[in-house]
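Chemist: Below is one structure. I have some questions about it.
Read the figures in this text as sums done on the coordinates, not as results from a lab. Keep in mind the model is a prediction, meaning the values are calculated, not measured. In this analysis, Cβ positions are derived from the backbone assuming ideal geometry, glycine residues included, and neighbour counts consider all displayed protein chains.
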């Protein structure tokens with residue numbers, strides 16, 4: 001039976017409308033996840049919610065224990081993961097408040113543990129990562145956004161940077177030359193670990209601000225980003241509720257990549 005998890009953080013630290021039935025903070029081979037796993041009902045569907053940054057957003061992107069987070073979800077029987085994030089807009093149409101459902105990513109992070117596999121690696125454990133985001137989940141996001149008449153983009157490449165600082169203008173120019181449309185800090189190794197642990201992964205991102213050098217000379221202000229996020233919360237929560245209630249999990253089976 002398929003089971004859904006929603007990973008929040010900068011976008012949503014608490015899932016409004018979630019009727020919490022239980023809270024669990026499990027141990028994993030990689031330590032404890034950053035926060036408790038909240039199980040309950042959302043949009044009449046059983047879900048698990050996890051804040052990737054932990055209580056009070058205490059863990060910055062580069063220090064998140066992604067392996068413990070994703071292992072805990074897999075151990076809880078999760079088959080589908082929706083990762084929420086706030087991103088910077090590189091492409092001209094990626095304006096604050098815009099919804100993005102990425103179809104590709106480029107990883108610019110460094111030093112983040114990105115596999116749950118043991119040191120005794122077998123060549124059969126290589127996994128295909130050509131298409132990092134689940135097409136079935138993305139189709140559900142698109143259908144829901146259309147029903148709700150939201151402005152969205154579904155052909156974006158997500159640049160994953162190390163953080164916790166924002167990027168320089170020169171770095172964003174390089175990302176644009178590389179073909180990136182938005183930039184954020186948490187998609188990797190989260191998406192990769194989901195694939196490795198046989199969970200389907202999709203991303204709903206909200207553009208919080210234009211990236212460096214795309215702001216008409218203004219500096220990036222975290223307060224402005226928070227204002228945009230707050231203004232987008234009602235639409236984001238409606239989008240999530242529509243996606244969850246659409247029974248998407250019945251449309252596909254989990255990945256069967258051998259570990």
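Chemist: When the Cα centres of segment 1-71 and segment 166-198 are compared, how far apart do they sit, in Å?
Modeler: Spelled out, the Cα-based centre of one part sits 22 Å from the other.
Chemist: May I ask for the distance between the Cα centers of segment 216-248 and segment 97-129, given as a whole number of Å?
Modeler: Centre-to-centre distance over Cα atoms comes out at 25 Å.
Chemist: Once the Cα atoms of segment 15-61 are picked out, what are the Rg and Dmax in Å?
Modeler: 11.6, 33
Chemist: Additional query: Give me the one-decimal Kirkwood hydrodynamic radius in Å for segment 1-142, with the sum taken over alpha-carbon pairs.
Modeler: Averaging 1/r across every pair of different Cα atoms and inverting gives 16.8 Å.
Chemist: Roughly how many nanometres apart are two label points built 7 Å out from the Cα toward the Cβ at residue 124 and residue 62?
Modeler: The modelled label-to-label distance comes out at 3.9 nm.
Chemist: Additional query: What percent does the relative contact order of the chain come to when contacts are Cα pairs within less than 8 Å and at least six residues apart?
Modeler: Once divided by the residue count of the chain, the mean separation gives 27 percent.
Chemist: Considering the chain as a Gaussian network with a 10 Å cut-off on Cα pairs, which listed residue, 215, 136, 39, attains the greatest mean-square fluctuation?
Modeler: In this elastic network of the chain, the residue with the biggest mean-square fluctuation among 215, 136, 39 is 215.
Chemist: With only alpha-carbon atoms in the gyration tensor, what are the semi-axes of the equivalent ellipsoid for segment 109-258, in Å, largest first?
Modeler: 28, 24, 12
Chemist: Could you give the length gained on full extension between residue 92 and residue 168, defined as 0.36 nm per residue of separation minus the Cα-Cα distance, in nm?
Modeler: Extra length available between residue 92 and residue 168 comes to 25.6 nm.
Chemist: For the chain, modelled as a Gaussian network with Cα springs under 10 Å, which listed residue fluctuates most, 145, 76, 187?
Modeler: Among 145, 76, 187, the largest mean-square fluctuation in the Gaussian network model of the chain belongs to 76.
Chemist: For the chain, just the Cα set please: Rg and Dmax, both in angstrom.
Modeler: Gyration radius and largest Cα-Cα distance of the chain: 17.3, 51 Å.
Chemist: Do me a favour and compute the ellipsoid semi-axes for segment 173-235 from its Cα gyration tensor, root of five times each eigenvalue, largest one first, whole Å.
Modeler: Values for segment 173-235, descending: 26, 18, 9 Å.
Chemist: Report, to one decimal in Å, the Kirkwood hydrodynamic radius for segment 144-192 based on all distinct Cα pairs.
Modeler: Value: 12.4 Å, from the Cα pair sum.
Chemist: A follow-up question, please. Using 0.36 nm times the number of residues separating residue 215 and residue 44, minus their current alpha carbon distance, what extension gain do you get?
Modeler: 57.4 nm
Chemist: Taking N as the number of residues in segment 30-107, what is its Cα Rg relative to 2.2 N^0.38 Å?
Modeler: Expressed relative to 2.2 N^0.38 Å, the Cα Rg reads 1.28.
Chemist: Over segment 138-219, what portion of Cα pair distances is larger than 18 Å, expressed as a whole percent?
Modeler: Looking at segment 138-219, the distances longer than 18 Å represent 53 percent of pairs.
Chemist: Do the sum for the chain: with -39,500 (n - 2.57) for every DSSP H run of n ≥ 4, divided by all residues, what is the mean residue ellipticity at 222 nm, to the nearest 500 deg cm²/dmol?
Modeler: Theoretical 222 nm ellipticity from helices: -8000 deg cm²/dmol.
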